[in-house]
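Structure record follows, encoded as structure tokens.
Values quoted throughout were computed directly from the atomic coordinates according to the rules given, and no laboratory measurement underlies them. These numbers come from a predicted model, not from an experiment. Neighbour counts run over all protein chains shown; Cβ positions are idealised from the backbone, glycine included.
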Amino acid sequence: MLTKNATIRNQEGFHARPAQKFVELASKFTAHITVKKLDGAETDGKSILGLMTLELSKGSTISIQADGVDEEKAVDSLIQLVENKFGEE
Amino acid sequence: MDLVALINEQIISLELSAESKEAAIKIMADKLLESGFLSDRDKYVEAVLVREQKGSTGVGFEIAIPHGKSAGVKRSALAIAKLNEPIDWQSLDDRPVKMFFLIAVPQEQAGDEHLKILSSLSRKLIHEEFRNQLLAAKTPTEIIDIIKTI
């Protein structure tokens, strides 16, 4: 199991479109992926609806945890996606 | 976020028939216009469809949450539609959509309000019991009561 933190940097936060991009990428890995907020709320990283429940706005910190054979690649790719503002502003 | 404040019985459709997601969105936008939530229906529909082109708003569980922030919106609203026949929404899980929630937010309020409505709605929809009760509801009043209680 591997966990790393990332900060939401895009202006509008982790809303529907970023959630979809995150799930698209997360689903490419076999590892089980969990996204956690600092307040303890957590969700399945492969569920768009689940990610949207976290209400992550700009500046929020999340931890991305992956558990499985490709966990290292999964965490690194997902952290990069978040830190790069999901490819949007 | 009080979702009930964004809803009224006139913007809930329990037996919507539409051939495509575009057609379904337009029918519900007409209802938003009739109920006084929109000042410019076409401008609002365009914002929703442009957003849809950037990526489907299908969130899984046969549900979609299309949304648009637009100068064509007078005050925030949440329209709800259940479809007679499921329609393709290009969702990630490839399943057609049975029910959708159409969010309208005025341009000037766009930032935070938008995210709060999406999160509040998602926190309800994640519960299977909530989804099943909505799917079983027979009247708009029932839908509003379910949203109030869960």
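Per-residue mean of foreign Cβ neighbours for A:13-25 is 4 (Cβ atoms of other chains, 10 Å radius). Within the shell defined by Cβ-Cβ distances under 15 Å, the residues around A:GLU24 carry a net charge of +1, with Lys and Arg each +1 and Asp and Glu each -1.
Placing unit charges on the Cβ atoms only, positive for Lys and Arg and negative for Asp and Glu, gives region A:2-87 a dipole magnitude near 300 debye about its Cα centre.
Contact order, relative form, for chain B: 27 percent (alpha carbon pairs under 8 Å, 6 or more residues apart, mean separation divided by residue count). Against the longest alpha carbon principal axis of chain A, how many degrees, from 0 to 90 and to the nearest 10, is the axis of helix A:71-83 turned? With both axes taken from Cα atoms, the answer is about 10 degrees. In region A:2-87, a dipole from Cβ-located charges (positive for Lys and Arg, negative for Asp and Glu) runs towards its positive end, and of A:THR30, A:LEU54, A:GLY40 it is A:LEU54 whose Cα lies farthest in that direction.
What the Cα atoms of the protein assembly as shown give is an Rg and a Dmax of 17.6, 55 Å. Cross-link pairs exceeding 27 Å between alpha carbons, from the set B:LYS21/B:LYS69; A:LYS85/B:LYS31; A:LYS46/B:LYS74; A:LYS46/B:LYS138; A:LYS4/B:LYS21; B:LYS98/B:LYS148: A:LYS85/B:LYS31; A:LYS46/B:LYS74; A:LYS46/B:LYS138; A:LYS4/B:LYS21. Please identify every one of the GluC sites (Glu not before Pro) in region B:1-47 that sits in a loop by DSSP and has no more than 13 other beta carbons within 10 Å of its own beta carbon. Answer in residue order: B:GLU19.
Summing +1 for each Lys or Arg and -1 for each Asp or Glu, what net charge is found among the other residues whose Cβ lies under 12 Å from the Cβ of B:PRO96? It works out to a net charge of -2.
A straight line joining the Cα centroids of region A:10-71 and region B:1-41 runs 30 Å.
With an 8 Å Cα cut-off and a minimum separation of 6 or more residues, compute the relative contact order for chain A in percent.
46
Which net charge results when you count Lys and Arg as +1 and Asp and Glu as -1 among the other residues whose beta-carbon is under 12 Å from that of A:ASP76? Overall, the nearby charge balance is -2.
Look at the stretch B:114-127: the mean tally of other chain Cβ atoms within 10 Å of its residues' Cβ atoms is 5.
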